[in-house]
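Heads up: the structure comes next, in structure tokens.
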Amino acid sequence: MTFGDALEQMKAGKRMRRSMWIFRDVVYVRYTSAMQEYLVVQSGTADAVPYTPRCYDIFADDWQVVK
């Protein structure tokens, strides 16, 4: 799945990851109190932090939905 497809899935509430990531990181959408959306990445039980996709993530086609 491309990043564009993955972004649409995240906007619909899904958590996504890339198949080549060696850690259990997931990316998903969060909302501010003003309902502005932003992407976060979370690894395991660690706190989620803002996520900015890199070029290699944007052009990748190995995004997948996390069950």
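The values are calculated or read from the model by the stated rules, or taken from the named source; none is laboratory data. All figures in this text were calculated on a predicted structure; none of them were measured in a lab. Neighbour counts are summed over all protein chains in view; Cβ atoms, including those assigned to glycine, are modelled from backbone coordinates with ideal geometry. Calculation scope for accessible area: heavy atoms of the full protein, side chains included, ligands and nucleic acids excluded. Shrake-Rupley method; radii C 1.70, N 1.55, O 1.52, S 1.80 Å.
Restricting the range 27-38 to residues that are farther than 15 Å from residue 60 by Cβ and open to solvent by less than 100 Å² (accessible area, probe 1.4 Å) leaves a set whose member that is farthest from the chain's Cα centre (by Cα) is 34. Of all residues in the range 39-63 being more than 17 Å from residue 3 (Cα to Cα) and among the hydrophobic types (A, V, I, L, M, F, W, C), which is surrounded by the most Cβ atoms within 10 Å (Cβ to Cβ)? Ranking the candidates gives 48 first.
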